[in-house]
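Below is one structure, written out as structure tokens; comments come after it.
Since every read-out is calculated from the coordinates, none of them should be taken as a lab result. Since the structure is predicted, the reported quantities are computational estimates derived from the model, not experimental observations. So basically every Cβ, Gly included, is an ideal-geometry build from the backbone, and we count neighbours across all protein chains shown.
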Amino acid sequence: MARTESKMVELGTEAAEFALYSPTEGRVITSTSQEGYKATLVLFISCHCPFVKHLNKAISSFAQEYMPKGLGILAINSNDIEKYPDDSPDNMIKQAEEFKFPFPYLFDETQDVARDFGAQCTPDFFLYDEDMKLRYRGQFDDSRPDNGVPITGKDLREAVDALLNNQLPSPIQKPSVGCGIKWK
């Protein structure tokens, strides 16, 4: 499987503004919907990527644990569905239902939002503080589909815990690794 690392966008960068349709919610959701959270996680995922499939259950559990603590979460699929129909909005709904995602799952049909965020792969994690300044971009943890390392979410957990406790995450961050976004 092809591996692509996330681009390590400069910490402190402001989150891109957007308005995207959420097939799982049946409505358009904007970047301003995250106002009022102590921290916001924007994750780029897809339906067919083995790296995402490896983490789907853990991502859902992570969200169910951290959303009640003040973490806002939005997932975005930016893949070209003409070449990769497995990533269609209908399949996004199936994925969200199967793994009980408690967060909105948005479809970036134009791929502009992925470009604006600097997303490169799935999964790609961007964690923002309450002012929507980037404080973490990197991996969930060291686990990959083929390496036998247990899934813990250690890296992302440490970053989220820091922000929820009014601290900055360590600037030493490892890039995420996954399938490259399927550009048009």
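The table that follows gives values for the structure above.
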{"quantity": "Exposure proxy ranking, count of Cβ atoms within 10 Å, fewest first, for V28, V42, V9", "calculated": "V28, V9, V42"}
{"quantity": "Radius 10 Å from Cβ of F18, net charge of other residues (Lys, Arg +1; Asp, Glu -1)", "calculated": "-4"}
{"quantity": "Cα-based convex hull, region 1-82, per residue volume (Å³, whole number)", "calculated": "134 Å³"}
{"quantity": "Gaussian network model of the chain, springs between alpha carbon atoms under 10 Å - residue of L106, L41, L20 with greatest fluctuation", "calculated": "L20"}
{"quantity": "Cysteines (scope the chain) whose Cβ has no counterpart Cys Cβ under 4.7 Å", "calculated": "C47, C121"}
{"quantity": "Cα lying deepest toward the dipole's positive end in the chain, options N165, I73, S88, charges on Cβ", "calculated": "N165"}
{"quantity": "Whole-Hz couplings from phi, Karplus 6.51/-1.76/1.60, listed for region 159-169; x for Gly and Pro", "calculated": "5, 5, 4, 4, 4, 5, 9, 6, 10, 8, x"}
{"quantity": "Karplus-derived HN-Hα couplings along region 98-115 (A = 6.51, B = -1.76, C = 1.60, θ = phi - 60°), whole Hz, x at Gly and Pro", "calculated": "4, 9, 6, 4, x, 10, x, 10, 9, 10, 9, 4, 7, 6, 5, 5, 4, 5"}
{"quantity": "For region 21-33, Karplus couplings with θ = phi - 60° (6.51, -1.76, 1.60), whole Hz, Gly/Pro x", "calculated": "6, 10, x, 6, 9, x, 7, 7, 10, 10, 4, 6, 5"}
{"quantity": "Cβ-based net charge around I93, under 14 Å, with every Lys or Arg adding one and every Asp or Glu removing one", "calculated": "-3"}
{"quantity": "Region 95-184 - convex hull of alpha carbons, volume per residue in Å³", "calculated": "134 Å³"}
{"quantity": "Ratio Rg/Rh, restricted to region 116-166 and using Cα atoms, in which Rh is the Kirkwood radius", "calculated": "1.02"}
{"quantity": "Per-selection Kirkwood Rh - the chain (Cα, Å, 1 d.p.)", "calculated": "16.0 Å"}
{"quantity": "Antiparallel bridge percentage (DSSP; both residues within region 4-180; nearest 5)", "calculated": "70 percent"}
{"quantity": "Cβ-based net charge around D112, under 12 Å, with every Lys or Arg adding one and every Asp or Glu removing one", "calculated": "-2"}
